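One structure below.
Derivation of every value follows stated rules applied to the coordinates shown; laboratory data play no part. Not measured: the values here are computed from a predicted model. With ideal geometry, Cβ positions are generated from the backbone for all residues, glycine too; neighbour counts draw on all protein chains shown.
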């Protein structure tokens with residue numbers, strides 16, 4: 001294996017696949033990036049056995065030579081170190097050469113790095129799934145779906161199925177739901193072509209990594225789903241994840257349809273207030289913020305017996321319905337407000353101990369929070 | 001106690017004294033800032049019992065009213081929380097009012113914070129030391145002295161005296177030395193007026209905090225030294241620290257006077273190289289960088305049996321004397337190169353197992369490193 005490559009292009013690809021690298025693993029080879037060099041280009045593979053990322057770099061792109069391939073071959077190069085070396089390289093091109101099947105030399109200017117490698121033949125064979133009926137979705141749309149739902153996945157392992165996002169297709173409508181059983185996020189997307197029904201659960205962690213990759217990888221994403229795997233391909237990158245085993249709970253009945261009180265606020269102003277009021281909860285035991293909704297104003301407060309108390313008064317933009325006093329975890333509200341987009345946000349209540357929903361003009365996204373009983 | 005204060009001024013002062021706050025302390029009151037409000041202004045005090053910082057905010061500054069004092073008095077307000085509340089305050093002024101000697105209300109716009117306080121009478125009485133013969137030094141100069149020496153203080157407690165910087169005045173020359181016994185930093189400053197001889201050791205941690213305060217507090221610094229305390233006053237801020245007990249080792253004989261080989265490099269280029277070569281040491285057990293100095297070039301290398309090897313070739317700007325092969329901790333060289341100022345840097349060697357020094361055109365500062373024996 002020997003090639004010379006445009007360093008900026010190489011860094012970008014290594015950085016992408018590196019997101020799948022294991023930091024702790026019983027298989028040391030999974031700390032490596034597998035490089036497969038053919039006459040067409042280089043395929044990079046990294047995997048922690050739950051997530052796999054592959055990226056192909058073509059030798060020639062837009063009529064420009066990206067890679068000059070001297071000798072084909074494969075290597076398993078330590079991933080983290082490779083990225084660090086490339087980042088410190090003070091030259092436009094770097095040259096990689098394999099020696100004795102166990103050392104990769106990286107050369108640029110007056111510098112030579114010799115990195116010890118593992119035996120590439122020990123690298124597990126990871127195939128990408130394909131199906132005949134891929135889902136197609138714009139990368140920005142996919143990123144929005146993830147961004148607006150993944151906040152509600154459970155971060156504890158007490159019910160493993162809740163650490164994922166449920167993706168369900170019925171009648172060509174995709175419904176994505178996440179809930180940790182204290183709050184819920186739901187996003188729906190309609191498709192204009194026929195899709196097979198599905199009902200799967202994708203690990204939240206996988207989606208968070210995919211979200212980062214979509215920051216730079218833009219375009220149409222092809223999604224293939226099998227019994228236990230999902231893969232997302234955009235351009236030359238494929239991101240594949242295991243699915244979670246088990247049945248996701250039915251959540252549609254949790255979302256109330258009728259409301260006794262709706263309050264509309266300026267979203268950024270409310271973020272500012274909830275953030276400020278939450279100050280007292282950071283060091284204390286309680287995150288419980290209270291909304292006392294009167295005719296003319298809302299009193300938002302947080303009382304932490306050991307630390308102190310904060311009270312803030314705010315005028316809602318619009319108010320309809322009966323008054324209420326309700327308490328809930330301030331972090332949930334802050335998370336929900338931050339991932340919404342519109343200028344105004346509407347909170348819809350049904351009762352003091354009933355779930356309430358947070359919505360904007362974009363009704364494809366619903367955030368739900370369960371209140372706690374207050375004195 | 002009741003006053004209304006320009007929030008920006010208040011934040012800056014609270015932020016300054018907060019550097020002395022204890023995070024872990026057997027005395028909970030030391031998590032508070034003591035506010036003493038008189039008709040002239042407010043004095044803020046914070047202390048972790050090793051370091052004390054006091055700052056005075058005058059009611060009127062440059063003919064501008066900073067504070068509107070309604071009622072004099074004192075309070076011990078939780079320091080970290082006070083700073084966070086002030087930072088989130090969405091108004092130009094904030095108003096603080098003491099209630100029942102145990103709650104301080106902070107008001108701005110439609111917001112009211114009520115913070116639980118401790119009894120201010122429990123706050124320890126901390127006096128600032130004064131002497132008749134203060135040392136006077138420009139804040140920028142003092143900051144440079146700290147910056148260029150404190151890198152070499154010991155970070156382990158095996159010899160506590162080495163965790164400080166030794167300040168010695170003899171014949172109106174101040175010599176500042178820090179060493180962890182593997183490297184040494186020495187800075188000298190001459191004074192044009194008569195000074196008493198001193199020989200004290202200031203904790204490195206204290207100097208690092210002082211350095212940060214000097215980022216914004218500029219002007220002439222007055223330094224008072226007693227048997228066990230040192231205080232630095234600049235403008236309205238006083239920073240006081242305990243001194244370390246014990247006798248600092250004599251270091252002047254460690255610095256070689258004659259050299260068999262001197263090498264001059266471009267400083268930034270050498271930083272770049274040492275930083276890159278050190279990549280391989282980050283995950284490995286060894287930080288030992290090697291310089292092989294030949295007639296025409298220097299080979300800088302690092303060999304980490306488990307990880308790999310890196311070799312870089314560089315041309316020194318100037319070279320005089322016999323050739324040498326020497327190995328030492330790359331971090332020490334990097335630290336030393338970074339705190340020097342000039343464009344070029346000269347490394348002066350006496351032998352393969354003898355200390356070498358790093359200097360620039362500014363000969364008031366010497367950095368010394370002990371090499372390790374290599375095969």
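Worth pointing out:
- Protection proxy ranking, peptides A:193-205, A:177-189, average beta carbon neighbours within 10 Å, highest first: A:177-189, A:193-205
- Segment residue A:62-residue A:343, length gained on full extension (0.36 nm per residue, minus Cα span): 97.0 nm
- As a ratio to 2.2 N^0.38 Å, the alpha-carbon radius of gyration computed for the stretch A:1-128 takes the value 0.97.
- Principal axis box of the protein assembly as shown, alpha-carbon based, largest edge first, Å: 89, 82, 42
- The stretch B:123-146 residues near the modelled residue B:190 label - backbone nitrogen below 19 Å, point 7 Å along Cα→Cβ: B:136-138, B:141-142, B:145
- Counting every other Cβ atom within 10 Å of each residue's Cβ, B:318, B:2 order from fewest to most as B:318, B:2.
- Chain A versus the axis that turns it onto chain B: the residue with the nearest Cβ and the distance in whole Å amount to A:23, 14.
- With a Förster radius of 60 Å applied to the beta-carbon distance between residue B:171 and residue A:92, the computed FRET efficiency rounds to 0.60.
- Averaged over peptide A:104-116, the number of partner chain Cβ atoms lying within 10 Å of each residue's Cβ comes to 5.
- Two-site FRET efficiency, residue B:72 against residue B:222, from Cβ-Cβ distance with R₀ of 25 Å, rounded to 0.05: 0.35
- Kirkwood Rh and Cα Rg combined as Rg over Rh, evaluated for the stretch B:104-162: 1.21
- Compactness of chain A, expressed as Rg and Dmax over alpha-carbon positions, Å: 25.1, 79
- Averaged over the residues of peptide A:264-273, the number of Cβ atoms from other protein chains lying within 10 Å of each residue's Cβ is 1.
- Prolate/oblate/rounded label for the stretch A:310-354 (Cα gyration tensor, a/c 1.5): rounded
- Computed from Cα atoms, the angle from the helix B:79-88 axis to the main principal axis of chain B rounds to 80 degrees.
- Ranked by the mean number of other Cβ atoms within 10 Å of their residues, highest first, the peptides B:86-94, B:217-225 come out as B:217-225, B:86-94.
- Along its principal axes, the stretch B:135-252 has C-alpha extents of 37, 30, 24 angstrom, given from the largest down.
- Rounded tilt (10° steps) of A:267-277 against the dominant C-alpha axis of chain A: 80
- Applying 1/(1 + (r/R0)^6) with r as the Cβ-Cβ distance of residue B:253 and residue A:99 and R0 = 56 angstrom yields a FRET efficiency of 0.70.
- The Rg/Rh ratio of the stretch A:151-190, with both radii computed over alpha carbons and Rh defined as the Kirkwood radius, is 1.04.
- Degrees, to the nearest 10: B:7-18 long Cα axis against longest axis of chain B: 60
- Annotation: for a label point projected 7 angstrom from Cα along Cα→Cβ of residue A:141, residues of the stretch A:187-214 with backbone N closer than 11 Å are A:189-193.
- Among the residues of B:310-320, the average count of other protein chain beta-carbon atoms within 10 Å of the residue beta-carbon is 2.
- Extension gain for residue B:335 to residue B:155 (0.36 nm times residue separation, less C-alpha to C-alpha distance): 63.4 nm.
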